[in-house]
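Nothing in this text is a laboratory measurement; each read-out follows from the coordinates by a stated rule. As the structure is a computational prediction, the values presented were derived from the model and not from experiment. With ideal geometry, Cβ positions are generated from the backbone for all residues, glycine too; neighbour counts draw on all protein chains shown.
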Amino acid sequence: MTFGDFIRILFSILIPPLGVFLRVGFGLHFWLNILLTILGYIPGLIHAIWIIASYRTRDDIAFRR
């Protein structure tokens, strides 16, 4: 986990879709997180943390090599 991931998780504690947006943009995970957050804050928060911790971009993979 990087410092950027830590910042995204802090944003997610306040507004879960914001952390997901900063990680994946306006994709399926973002809209799913909006729905989960509307249905309940905790499901949205869990999904946001899971996406931030597990989703890796090509830049992340190249940087770690």
Practice task
Note down the magnitude of the dipole of the chain about its Cα centre, charges +1 on Lys and Arg C-beta and -1 on Asp and Glu C-beta and zero elsewhere, to the nearest 20 debye.
Solution key: 200 debye
Exercise for the section: May I ask you to list the chymotrypsin sites (Phe, Trp or Tyr not before Pro) in segment 21-51 that are in a DSSP loop and have at most 11 other Cβ atoms within 10 Å of their Cβ? Expected result: Phe26
Practice task
Taking Rg/Rh (Cα atoms, Kirkwood Rh) as the quantity of interest, determine which of (1) 0.99; (2) 0.93; (3) 1.07 was computed from the displayed structure.
Solution key: (1)
